[in-house]
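The values are calculated or read from the model by the stated rules, or taken from the named source; none is laboratory data. Model, not experiment: these values are computed from the prediction. Cβ sites come from the backbone with ideal geometry, for glycine too, and all protein chains shown count toward neighbours. These accessible areas exclude ligands, DNA and RNA; they are computed on the full protein's heavy atoms, side chains included. Shrake-Rupley method; radii C 1.70, N 1.55, O 1.52, S 1.80 Å.
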Amino acid sequence: MNTQATMKPYVIGLDLGGTNSVFGIVDSRGEIKATTAIKTGGFDSAETYVDACINALQPIIEQVGGIETIKAMGIGAPNANYYKGTIEFAPNLPWAHNGIVPLAQMFSDRLGGIPVAMTNDANAAALGEMVYGVARGMKNFIVITLGTGVGSGIVVNGQLLYGSDGFAGELGHVTMVRGEEGRLCGCGRKGCLEAYCSATGVARTARELLAKTTRPSLLRDIKPEDITSLEVSIAAGKGDELANEIYEFTGKMLGEACADFAAFSSPEAFIFFGGMVKAGELIMKPIRESYEQHVMPIFRGKAQFLVSGLDGASAAVLGASAVGWEI
């Protein structure tokens, strides 16, 4: 660690979600020394949102010795542009959905000029794995986040891949089913990986299978609109055949997608992050088997398939803090 980092032993990590904004002050070992949070919505402008954030941050900054102990701040946020430090047309942020918000500069100005960097949440997860998690020591890997959507963070030769505009790595939006039969995705296109392999995609698969067949299933005890990936996981864990078929379908498609991803970056590992990986081997086994079946022979047997090593409750904050250590 350089001299400046030694003198300033902490960074601020902000996990900026559509519902909550969670802050943590983190040391270089990944220990969260203090936390606070506010609701993300309810603000009519970015300025009032930042005001509320600063008010929440001040007590925990004082708790660790004041702003002079803070090296930098890292932010993981939707629609974040790493190069510009902006949030751009974020549909789930009322104060940022109609334009471009220079959020990194706004926080820097209010925090005594400390450097502030930001990236999207999947990229933050990849940095978090590289700094604190199972990817320590790796230089080529892909993190795939399985949550409400499917995100990805791609590390090549030890560097996060941002592309020409800061938005590279949207592997959740590769097309898996082409043509009109592809499911409509939230991005407006059809057949995206996210439309099938996100938590919402798993629930949709369940509803489709239940509607197409009269086969018995524990899922029939739940109203179709109330089915979530958690219910599918619980039913599969109890041996429910239809629920297991849903995970087979989902894992097979993820494995096929990973086989394609290997062709452009030859990763040493695929690391899966998010609530869906709590299903364990129900999802991981079909992913591995499908990958080995579909990947080019030159890549076969080389990549590890790992589950995130970061604690679920603090993973997003740690990932955001890793962005701060990179500055």
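Structure summary
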| quantity | calculated |
| --- | --- |
| Every pair of residues 6+ apart whose Cβ atoms lie under 6 Å, when the first sits in the range 117-142 and is in a strand (DSSP E or B) while the second is open to solvent by 10 Å² or more (accessible area, probe 1.4 Å) and modelled with pLDDT under 95 | Ala117/Ile327; Thr119/Tyr82 |
| Among (1) at pLDDT 95 or above; (2) crowded, with 21+ Cβ neighbours inside 10 Å; (3) among the acidic types (Asp, Glu), the one test that Asp121 misses | (1) |
| Hey, Met253 at pLDDT below 95, crowded, with 18+ Cβ neighbours inside 10 Å, touching a Leu at 6+ places or on another chain (Cβ under 9 Å) and under 15 Å from Tyr196 (Cβ atoms) or not | no |
| Output for the range 200-220, where each listed residue is among the β-branched types (Val, Ile, Thr), touching a helix residue (DSSP H, G or I) at 6+ places or on another chain (Cβ under 9 Å) and either without any contact (Cβ under 8 Å) to a residue 24 or more places away in the chain or part of a loop (DSSP other than H, G, I, E, B) (or both) | Thr213 |
| Criterion (in contact with a strand residue (DSSP E or B) (Cβ under 6 Å, 6 or more places away or on another chain) and not acidic (Asp, Glu)) met by exactly one of Arg288, Arg300 | Arg288 |
| Residue within the range 55-69 that is at pLDDT below 95, in a loop (DSSP other than H, G, I, E, B), more than 19 Å from Gly85 (Cβ to Cβ) and open to solvent by 30 Å² or more (accessible area, probe 1.4 Å) present | no |
| Single residue of the range 176-186 satisfying the filter (under 21 Å from Phe272 (Cβ atoms) and either surrounded by fewer than 19 Cβ atoms within 10 Å (Cβ to Cβ) or at pLDDT 95 or above (or both)) that is farthest from the chain's Cα centre (by Cα) | Met176 |
| From Ala316, Ala236, Ala243, Ala262, residue being under 17 Å from the mean Cα position of the chain (by Cα) and either over 23 Å from Glu194 (Cα atoms) or aliphatic (A, V, I, L, M) (or both) | Ala316 |
| Residue within the range 306-313 that is in a strand (DSSP E or B) and either of a type in the set (Phe, Trp, Tyr) or under 20 Å from the mean Cα position of the chain (by Cα) (or both) present | yes |
| Ala203 vs. criteria crowded, with 17+ Cβ neighbours inside 10 Å, within 25 Å of Glu256 (Cβ to Cβ) and among the hydrophobic types (A, V, I, L, M, F, W, C) | yes |
